[in-house]
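The structure appears below as structure tokens.
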Amino acid sequence: MDLKQIYTQMVMEESRSTRNKRDLENPTHKELGHNPSCGDEITLQLDVEDEKIKDISYTGNGCAISQASTSIMCDTVKGMEVKKTIELADKFIAMIKGEIRDENELEDLGDGIAFINIRNMPARVKCAVLAWYTLKDILVNDKKEGSFTP
Ligand SMILES: [Zn+2]
């Protein structure tokens, strides 16, 4: 099995995981992310305390790539500082756009590296980056739970 197949398998397995698919009790931030070109819809819920992501979860539906990307992202950024999380979102998006070619630079993305081959699949780019774009939007614009409009 080559690396590409391993990554594909990781994505397929993670897309069925429900580990991070739940409601948070008292989220500080909540936002809907929508990818009309595929029909992916995810709502991210965050509990941000002291500039750190104390907890993160999601609800919603979509294709395997969007669901797996969201779930892996939740694992990766849980416990992380907000500033570092925004940097990581930029890095993931740059990887998907094919702007980072050196895989050593991608180490801190954790299992997120499984999506590296999406850069060769333009139709799936929006599926893979949806969660990260939504997360960055929440953190940069401070989208509080009260401002949520479905
Ligand atoms: Zn999709």
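Things to note:
- The requirement of being farther than 17 Å from residue 138 by Cβ, within 16 Å of the ligand (Cβ to nearest atom) and either open to solvent by 80 Å² or more (accessible area, probe 1.4 Å) or in a strand (DSSP E or B) (or both) is not satisfied by residue 1.
- Scanning the stretch 47-61 for residues that are on the phi < 0 side of the Ramachandran plot and either within 16 Å of the ligand (Cβ to nearest atom) or not charged (D, E, K, R) (or both) yields 48, 53, 56, 57, 58, 59, 61.
- Any hit, the stretch 63-80, residues being more than 13 Å from the chain's Cα centre (by Cα), surrounded by 12 or more Cβ atoms within 10 Å (Cβ to Cβ), at pLDDT 95 or above and among the charged types (D, E, K, R): no
- Lone qualifier among 47, 75, 23, 40 - being touching a strand residue (DSSP E or B) at 6+ places or on another chain (Cβ under 6 Å) and not β-branched (Val, Ile, Thr): 47
- Helices (runs of 4 or more DSSP H) contained entirely in the stretch 62-147, each with at least 1 residues that are hydroxyl-bearing (Ser, Thr, Tyr) and within 16 Å of the ligand (Cβ to nearest atom): 64-77, 125-141
- Pairing residues of the stretch 19-44 that are at positive phi with residues that are outside any loop (DSSP other than H, G, I, E, B), at Cβ distances under 6 Å and at least 6 apart in sequence or on separate chains, gives no pairs at all.
- Hits in the stretch 31-46 - residues which are open to solvent by 10 Å² or more (accessible area, probe 1.4 Å) and either within 11 Å of the ligand (Cβ to nearest atom) or more than 12 Å from the chain's Cα centre (by Cα) (or both): 31, 32, 34, 36, 37, 38, 39, 41
- Qualifying residue in the stretch 17-26 (condition: hydrophobic (A, V, I, L, M, F, W, C), out of contact with any Phe, Trp or Tyr (no Cβ under 7 Å at 6 or more places or on another chain) and within 18 Å of residue 129 (Cα to Cα)): no
- Qualifying residue in the stretch 85-99 (condition: within 24 Å of residue 12 (Cβ to Cβ) and surrounded by fewer than 17 Cβ atoms within 10 Å (Cβ to Cβ)): yes
- Conditions (1) assigned to a helix (DSSP H, G or I); (2) open to solvent by less than 20 Å² (accessible area, probe 1.4 Å); (3) without any contact (Cβ under 8 Å) to a residue 60 or more places away in the chain: number failed by residue 57: (1)
The values are calculated or read from the model by the stated rules, or taken from the named source; none is laboratory data. Fair warning: this is a prediction, and the values are worked out from it, not measured in the lab. Every residue, glycine among them, receives a Cβ derived from its backbone with ideal geometry; neighbour counts consider all protein chains shown. Areas reflect the complete protein model, heavy atoms only, side chains present, ligands, DNA and RNA absent. Shrake-Rupley method; radii C 1.70, N 1.55, O 1.52, S 1.80 Å.
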